[in-house]
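Colleague: Let me give you the structure first, and then I'll get to my questions.
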Amino acid sequence: MITQFTINLNKGEDVAERLMRRRKRFEIISMTIVLLAVVILGAFNYRQHQSVQKILSAKETIIRDIDRKLDSLKRTGKNISKEDVLALAKLERERVLWTKKFLSLGELLPEEMAITYVEFKNNILNMKFITTIRKDEKEFDKVKEVIDRLRASPLFFRDFSDMKLKEQHQTKVEDQIILSFTVLCSVEKGAAIRGERAGGEAGSRAAQRGQIARAVGGG
C-alpha cells in the first residue's frame with residue numbers, strides 16, 4: 001500500500017502575498033481617509049473665506065456710501081462738525097433696536113412657548129407668554145428658564161435695566177396644563193426710543209405671529 005503526501009512549497013509565499021495585500025489595502029484606506037479630511041477642511045476653509053469676503057464687501061459698501069454722502073455734503077456747502085459726529089454716534093449707540101430684539105425671541109423661546117401680547121409704554125416693555133407644562137415640571141422653573149434665557153442674551157437684554165415677573169396663571173384643558181405669565185422689562189435711562197417704536201411694534205407683531213404659528217404647528 002502506497003501513501004501519498006502533498007507538500008505545498010509556496011505556502012510561505014502565499015502568506016507573504018496576503019500580508020502585502022493587507023498592507024496595500026490599509027494604505028489605500030488610510031490615503032482615502034486623509035484625502036477626505038483634506039477635502040472637508042478645504043471646503044470649510046472656502047466657506048470661511050466666502051463669509052469673510054461677504055463681510056469685507058459689506059464694509060466696503062458702507063464706506064463707499066459714507067464717502068458719497070460726505071462728497072454730497074461738501075458740494076452743498078454743509079460742514080460736519082465734531083459735535084455733529086459725536087451726537088450721531090451717541091444716538092446710534094443708545095437707540096433701542098426693537099426689530100432685532102423681537103426677531104431674536106424666536107431663537108430664545110422654547111418650542112412649546114408663544115408670545116400672546118406685546119406692549120411698550122412708559123419705557124416698560126410688557127410681554128405675555130403662554131406655554132404648556134409637563135406633569136414633572138414646576139411653574140416657577142418654567143418661568144425662570146425663560147427669564148434666564150432673555151437675560152443671558154446680549155442682543156435682547158441690551159438696553160434693559162431690569163426684567164421681572166409680573167403675574168402668572170395656570171389653567172387645565174382636558175389633561176394638559178397651560179401656563180400664562182407676564183414679564184416686564186424696564187428700558188435703561190438715556191436709551192433713545194423715538195424713531196424705532198413703529199419698527200419695534202411691527203417686529204413684535206411678526207415675532208408674535210411666528211411664535212404662535214410655531215406653537216400651534218408643534219401641537
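The values are calculated or read from the model by the stated rules, or taken from the named source; none is laboratory data. On a predicted model such as this, the values are computed, not experimentally measured, just so you know. Virtual Cβ from ideal backbone geometry, glycine too; neighbours counted across all protein chains shown.
Colleague: Return the only residue of E201, E167, E188 being out of contact with any Leu (no Cβ under 7 Å at 6 or more places or on another chain) and at pLDDT 90 or above.
Modeller: Answer to the selection: E167.
Colleague: Follow-up. Being under 26 Å from T99 (Cα atoms), assigned to a strand (DSSP E or B) and either in the same structural domain as K100 (by TED's automatic domain parsing) or within 24 Å of the chain's Cα centre (by Cα) (or both) narrows it down to one residue among K166, K172; which is it?
Modeller: Step by step, each of K166, K172 is checked, and only K166 is under 26 Å from T99 (Cα atoms), assigned to a strand (DSSP E or B) and either in the same structural domain as K100 (by TED's automatic domain parsing) or within 24 Å of the chain's Cα centre (by Cα) (or both).
Colleague: Which count do you get for residues in segment 127-179 that are exposed (fewer than 13 other Cβ atoms within 10 Å of the Cβ) and within 16 Å of T116 (Cβ to Cβ)?
Modeller: Result for segment 127-179: 6.
Colleague: Could you list all residues from segment 99-124 that are polar (S, T, N, Q) and more than 15 Å from F157 (Cβ to Cβ)?
Modeller: Across segment 99-124, the qualifying residues are T99, T116, N122, N123.
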